[in-house]
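Below: the structure, in structure tokens.
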Amino acid sequence: MGLPATADAIAIKTAYRQLARQWHPDCNPDPQATARFQEIQIAYERLLVLQESATAQPVPQAPPADAALIALKRQFQPQLQDLLADGRWAKAIALTEALQQRLPDDWEVRQWLAICYLRQGQALLVQQQRQQAIAYFEKARRTDPHNPRLQQEIQASHRLASARRA
């Protein structure tokens, strides 16, 4: 799109609009206009994603925990995996919340807890308990706000919840 690597969101949007007007198939009779317009759209979307990730807040780093707490966490991980595999979301949440009380700054424990909340919300959605499901999706969002993949899953689940309501 002819932009410098340091371009901000406004510059990206301005360049996109200018190129989109120039290459839109409705405005440009050139047979290559459709392909060029699609390339411009893809480049625009990629640049916005890169720009957003560059300006996103960094994930806070946890202070080092003592060896006993790290061992506890490693001991807990297979048990959590078994609970998640068996669909025992409430038990997984309870155990992960207890571990988070001991390791409140551990990013991995925070991520486990957010996943447990998300899975509980999805299970509630299947059981047609929409309001409770949405509450768990919000808990997941607040628990691990720096995880883009989790945020995408939460948004998809929200859309599913909204579609079921309609």
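We did not get these values from a lab; they are worked out from the coordinates using the rules stated. In this text the structure is predicted, and so the values were computed from the model without any measurement. When we count neighbours, we look across all protein chains shown, and the Cβ atoms used for this are built from the backbone with ideal geometry, even at glycine.
Once both axes come from the Cα atoms, what is the angle between helix 130-143 and the longest principal axis of the chain, in degrees from 0 to 90, rounded to 10? That works out to roughly 90 degrees. Computed from Cα atoms, the angle from the helix 9-23 axis to the main principal axis of the chain rounds to 40 degrees.
Its Cα gyration tensor gives the chain an equivalent ellipsoid; the semi-axes, largest first and in whole Å, are 42, 22, 12. Charge dipole (Cα centre; +1 on Lys/Arg Cβ, -1 on Asp/Glu Cβ; no other charges) of the chain amounts to roughly 520 debye.
Just want to confirm a number: the relative contact order over the chain, from Cα pairs under 8 angstrom separated by 6+ residues, in percent.
On the way: 130 pairs, mean separation 23.5, N = 166.
Relative CO of the chain lands at 14 percent.
A straight Cα-to-Cα reach below 27 Å connects residue 91 with the lysines 73, 139, residues fewer than 8 places away in its own chain not being considered.
Other residues with beta-carbon under 13 Å from the beta-carbon of residue 118 carry, at +1 per Lys or Arg and -1 per Asp or Glu, a net charge of +3. Rounded to the nearest 10 degrees, the inclination of helix 67-85 to the longest alpha-carbon principal axis of the chain is 70 degrees. A simple rule links phi to the HN-Hα coupling: the Karplus curve 6.51 cos²θ - 1.76 cosθ + 1.60 with θ = phi - 60°, which for the stretch 29-45 gives x, 4, x, 8, 4, 4, 5, 5, 4, 5, 4, 5, 4, 5, 4, 4, 4 Hz, with x for Gly and Pro.
Fully extending the segment from residue 10 to residue 107, taken as 0.36 nm per residue of separation minus the present Cα-Cα distance, adds 31.6 nm.
Helix content alone sets the calculated 222 nm mean residue ellipticity of the chain: runs of n ≥ 4 DSSP H residues at -39500 (n - 2.57) each, divided across all residues, give -25000 deg cm²/dmol.
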